[in-house]
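K.L.:
Okay, here's the structure, questions in a sec.
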Amino acid sequence: MKIQIANRSQGANTEPLRATKTNWLATVASALSSGVAIICPICIPAVGAFLVSIGLGVAVNLTVLRSVLIVLLVASIGSLTWSATKHGRWWIVASGLLGATLIYAGRYIWFNEILMWLGAATLIGTSLANFKIKRGCARCQPSEAGWISR
């Protein structure tokens, strides 16, 4: 929005900015990290029920479910890291890593539901903060030539 206003004041082309492939990918990555943050404490029974419903009940064991949880948590941390490279706020990654660690520790090390839900709340809060930071970040907005760099 700020870019469009600046372009209009300079008499430039007033067409809205086109979405780039990178912008689309950033939106997907952000949505995936938010989705993972929301379902992580319930992902074990949900994944188990999903695997059984599609005929893969054999895969419902501790090793497979632990692997699925690890993959989902790594995907969310990777998404937050990618966003942090764009806006430069690295505390987002640290906070997301804390939430992911609490989820894993609460599920597999101490089996403490409070830790799992605290980790999920941390990961959700981090994803929301990341979303808010990305909305206000001029470097995170696409330009016609690609990402704006400072």
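The values are calculated or read from the model by the stated rules, or taken from the named source; none is laboratory data. Note that the structure is a prediction, hence the values are computed from the model and not measured. Here the Cβ positions follow ideal geometry from the backbone for every residue, glycine too, while neighbour counts run over all protein chains shown. Surface accessibility is based on the protein's heavy atoms, side chains included, excluding ligands, DNA and RNA. Shrake-Rupley method; radii C 1.70, N 1.55, O 1.52, S 1.80 Å.
K.L.:
Being open to solvent by 40 Å² or more (accessible area, probe 1.4 Å), of a type in the set (Ser, Thr, Tyr), assigned to a helix (DSSP H, G or I) and modelled with pLDDT of 85 or more is the requirement here; does Thr85 meet it?
P.N.:
For Thr85, the condition - open to solvent by 40 Å² or more (accessible area, probe 1.4 Å), of a type in the set (Ser, Thr, Tyr), assigned to a helix (DSSP H, G or I) and modelled with pLDDT of 85 or more - is met.
K.L.:
Something else now. Being assigned to a helix (DSSP H, G or I) and not hydroxyl-bearing (Ser, Thr, Tyr) is the filter; apply it to the range 51-65 and report the residue that is nearest to Ile103 (Cα to Cα).
P.N.:
That would be Leu65.
K.L.:
Tyr104 passes all but one of (1) under 14 Å from the mean Cα position of the chain (by Cα); (2) closer than 26 Å to Phe50 by Cβ; (3) modelled with pLDDT of 90 or more; which number fails?
P.N.:
Here Tyr104 meets the rest and fails (1).
This table checks each residue for (1) open to solvent by 40 Å² or more (accessible area, probe 1.4 Å); (2) in contact with a Gly (Cβ under 9 Å, 6 or more places away or on another chain); (3) assigned to a helix (DSSP H, G or I); (4) hydrophobic (A, V, I, L, M, F, W, C).
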| residue | (1), (2), (3), (4) |
| --- | --- |
| Ser67 | yes, no, yes, no |
| Arg89 | yes, no, no, no |
| Gly99 | no, yes, yes, no |
| Leu115 | no, yes, yes, yes |
| Gly119 | no, yes, yes, no |
| Thr122 | no, yes, yes, no |
| Ser127 | no, yes, yes, no |
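K.L.:
Going by the conditions given, is Leu69 closer than 21 Å to Phe131 by Cα and either under 23 Å from the mean Cα position of the chain (by Cα) or at pLDDT 80 or above (or both)?
P.N.:
no
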